[in-house]
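To start, the structure under review is shown below, and the notes come after it.
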Amino acid sequence: MTTPDSDNPPAPTSVEKKTPRDAAYWAKPVAKLKVSELPAGAMNLNVEGRQVVGPLQGFGQMWQKTYRIRLDGAALEPPQIIREWKENFPSFWPKDHHFYPSLTGIKPGEVAVINLPGPGGMPLSTGIVVIYADDESFSFMNPQGHIFAGMITFSSYREGGEVYAQIQVLVRANDPIYEIGCRIGLVHRNEDRFWHHTLKSLAQHFKAEPAEVDQHNLLIDPKIQWAQAGNIWHNAAIRTGLYAPVALVRRIFRR
């Protein structure tokens, strides 16, 4: 007959699950997006109840684009830059592009509504969800119907003694119509101008020396995904365009 050895207890039969150190910076998965209260005049379409889509769920070619600007003379460290970037995020966009964050701002899991001119000048109402946010970076993903399926990451860092602000996108056009806009250059040109404007506005906010935006494009996957052609059903530009006359009639009758 044997007795338990108190000096050598049996090994545990199960492995303890440890919470990752950065768990607090990631958004929790959700089946469908929910939009909080918005200011008057904001058009809340194509976000509520939609799913988040990444590059694997998109239709067109997969691109990685990196935009960065050197912040000479800003005299701030990356965490300070990121903090102010989050707090003033909409102010760095062009005037005709509107970003409506939730009351709690840019934090993991928060959903924001976007109203902007879409391809060809058509209005477009869409949004983003904040999937990650810490002291040195934050990332968005898009809902179904957005121009792109993918992820956008905003960051700041030191390199060679210089401080940079950077925007990196990893995206595919969401459906065949958006992909046509990409192939003829319209969508990509508009996107490039938009992020160049954003970074230059950010640099001006920090009183940095005038500098040009460095841009690097990389075609990750030249193939299109025909299995995702049905994404056109959620096309935010089409749905917003169809809704606009209805909204106008409603406003007239309310008056």
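Here is the figure for the stretch 212-238: residues that are small (Gly, Ala, Ser), at pLDDT 95 or above and surrounded by 13 or more Cβ atoms within 10 Å (Cβ to Cβ) total 1.
Is it the case that some residue within the stretch 213-227 is in contact with a Lys or Arg (Cβ under 9 Å, 6 or more places away or on another chain) and assigned to a helix (DSSP H, G or I)? No: the stretch 213-227 contains no residue that is in contact with a Lys or Arg (Cβ under 9 Å, 6 or more places away or on another chain) and assigned to a helix (DSSP H, G or I). Scanning for something more than 27 Å from Arg50 (Cα to Cα), touching a helix residue (DSSP H, G or I) at 6+ places or on another chain (Cβ under 8 Å) and either open to solvent by less than 20 Å² (accessible area, probe 1.4 Å) or acidic (Asp, Glu) (or both), does the stretch 160-175 turn up at least one residue? Yes, the stretch 160-175 has at least one match.
If you take the residues of the stretch 91-123 that are of a type in the set (Val, Ile, Thr) and either part of a loop (DSSP other than H, G, I, E, B) or surrounded by fewer than 14 Cβ atoms within 10 Å (Cβ to Cβ) (or both), which of them is modelled with the highest pLDDT? Lay out the reasoning, then the answer.
Initial filter on the stretch 91-123 (of a type in the set (Val, Ile, Thr)): 104, 106, 111, 113-114.
Of the ones still in play, those that are also either part of a loop (DSSP other than H, G, I, E, B) or surrounded by fewer than 14 Cβ atoms within 10 Å (Cβ to Cβ) (or both) are 104, 106.
Values: Thr104: 91, Ile106: 96.
Residue satisfying both the conditions and the ranking: Ile106.
Looking across the stretch 216-236 at every residue that is touching an Asp or Glu at 6+ places or on another chain (Cβ under 9 Å) and of a type in the set (Gly, Ala, Ser), the one that is farthest from Asp192 (Cα to Cα) is identified as Gly230.
Restricting attention to the stretch 65-90 and to residues that are among the β-branched types (Val, Ile, Thr) and not in a helix (DSSP H, G or I), the residue that is most open to solvent (accessible area, probe 1.4 Å) turns out to be Thr66.
Among the residues of the stretch 124-159, those identified as crowded, with 24+ Cβ neighbours inside 10 Å and not in a strand (DSSP E or B) are Gly145, His146, Ile147. Give the residues of the stretch 160-212 that are in a loop (DSSP other than H, G, I, E, B) and touching a residue at least 24 places away in the same chain (Cβ under 8 Å), sorted by residue number. Within the stretch 160-212, Asn174, Asp175, Phe206, Lys207, Ala208, Glu209, Ala211, Glu212 meet the criteria.
Yes or no, residue by residue, for (1) open to solvent by less than 70 Å² (accessible area, probe 1.4 Å); (2) modelled with pLDDT of 95 or more; (3) more than 21 Å from Phe99 (Cβ to Cβ):
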site	(1), (2), (3)
Glu179	yes, yes, yes
Leu186	yes, no, yes
Lys200	no, yes, no
Thr240	yes, no, no
Val246	yes, no, yes
Arg250	no, no, yes
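The values are calculated or read from the model by the stated rules, or taken from the named source; none is laboratory data. Note that this is a predicted model, so its numbers are computed, not measured. Virtual Cβ from ideal backbone geometry, glycine too; neighbours counted across all protein chains shown. Protein only, heavy atoms only, side chains kept; ligands, DNA and RNA dropped before computing areas. Shrake-Rupley method; radii C 1.70, N 1.55, O 1.52, S 1.80 Å.
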